[in-house]
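Report on the structure given below.
The values are calculated or read from the model by the stated rules, or taken from the named source; none is laboratory data. Because the structure is a prediction, the values reported are computed rather than measured. No Cβ is skipped: glycine too gets one built from the backbone with ideal geometry, and neighbour counts run over all protein chains shown.
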Amino acid sequence: MDHQQFILDKLAGILAVTDKSKGADLLKLVEGAGRTFIGGAGRSLLVSRFFAMRLVHAGYNVSMIGEVVTPAIKAGDLLILVSGSGGTETLLPFVKKAKSVGAKLVVVSMKKSSPMADAADLVIQVGQDDSFPLTKGMPMGSQFELSTLIFLEGVISELIHAKNLTEEGMRAIHANLE
């Protein structure tokens, strides 16, 4: 078995049934936000960090939730949460806080309805309700996390093309205290 092709085929199937127009909706919210806050838990947190980093490289004011230097969220800001289940207990207080101060909420999830999605201004359902069966070789959420990473990289590609961003311009913003 070609395991790489096996994984690519699974991800292609998930992305084929994902509503690509939601990427443009997400970019409109990012563009209209005062500041953007991004988070997740576990491997979804890692995926959210990829997206946050690229938004910074594109010139946006972005903070990761939970960092000691993250400022307070307020009205006009945007919170983006990546959660396969849409019900991650540690993230639910962030949903409540964001909504209570008048910030907008985007939830990226494998479920169109969940405690987080039901409070969201925009729900991006990666795949469909039946897109994530138990799959030997792709354990414990790998299908969601990898397809979400590719979906969000597609959103960044859309942004780069729309704003005519250059590699040089983005690299100039890249961290230089590494």
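Exactly one residue out of L91, L45 is of a type in the set (A, V, I, L, M) and either more than 26 Å from I173 (Cα to Cα) or touching an Asp or Glu at 6+ places or on another chain (Cβ under 7 Å) (or both), and it is L91.
Taking first residues from the stretch 81-102 that are closer than 14 Å to A120 by Cβ and partners that are exposed (fewer than 14 other Cβ atoms within 10 Å of the Cβ) and at pLDDT 95 or above, the Cβ contacts under 8 Å between residues at least 6 apart in sequence or on separate chains come to G86/S113. Being outside any helix (DSSP H, G or I), in contact with a helix residue (DSSP H, G or I) (Cβ under 6 Å, 6 or more places away or on another chain) and crowded, with 22+ Cβ neighbours inside 10 Å is a property that holds for I124.
Yes/no per residue for (1) hydrophobic (A, V, I, L, M, F, W, C); (2) in a helix (DSSP H, G or I):
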position: T135; (1), (2): no, no
position: M138; (1), (2): yes, no
position: F144; (1), (2): yes, yes
position: S147; (1), (2): no, yes
position: I150; (1), (2): yes, yes
position: E153; (1), (2): no, yes
position: I160; (1), (2): yes, yes
position: E168; (1), (2): no, yes
position: A172; (1), (2): yes, yes
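Taken over the stretch 17-45, the criterion of being farther than 19 Å from N61 by Cα and either of a type outside the set (D, E, K, R) or in contact with a Gly (Cβ under 9 Å, 6 or more places away or on another chain) (or both) is satisfied by V17, T18, K20, S21, A41, G42, R43, S44. Applying the condition of being assigned to a helix (DSSP H, G or I) and without any contact (Cβ under 8 Å) to a residue 40 or more places away in the chain to the stretch 49-69 and asking which residue is farthest from T166 (Cα to Cα) yields R49.
Sort out which residues of the stretch 151-168 are touching a residue at least 12 places away in the same chain (Cβ under 8 Å) and either crowded, with 16+ Cβ neighbours inside 10 Å or more than 23 Å from M110 (Cα to Cα) (or both), and write them in order of number. Once the filter is applied, which keeps residues that are touching a residue at least 12 places away in the same chain (Cβ under 8 Å) and either crowded, with 16+ Cβ neighbours inside 10 Å or more than 23 Å from M110 (Cα to Cα) (or both), the stretch 151-168 yields F151, L152, V155, I156, L159, I160, A162, K163, L165. Tallying residues that are free of Cβ contacts under 8 Å to residues at least 60 places away in the same chain, assigned to a helix (DSSP H, G or I) and buried (at least 21 other Cβ atoms within 10 Å of the Cβ) within the stretch 31-44 yields 0. For the stretch 90-119, filtered to residues that are touching a Gly at 6+ places or on another chain (Cβ under 9 Å) and within 18 Å of A33 (Cα to Cα), the residue that is surrounded by the fewest Cβ atoms within 10 Å (Cβ to Cβ) is G102. State the number of residues belonging to the stretch 129-139 that are hydrophobic (A, V, I, L, M, F, W, C) and in contact (Cβ under 8 Å) with a residue 40 or more places away in the chain. Residues flagged as hydrophobic (A, V, I, L, M, F, W, C) and in contact (Cβ under 8 Å) with a residue 40 or more places away in the chain within the stretch 129-139 amount to 2. Of the residues making up the stretch 76-91, just one is over 16 Å from the mean Cα position of the chain (by Cα) and more than 20 Å from A52 (Cα to Cα), namely E89.
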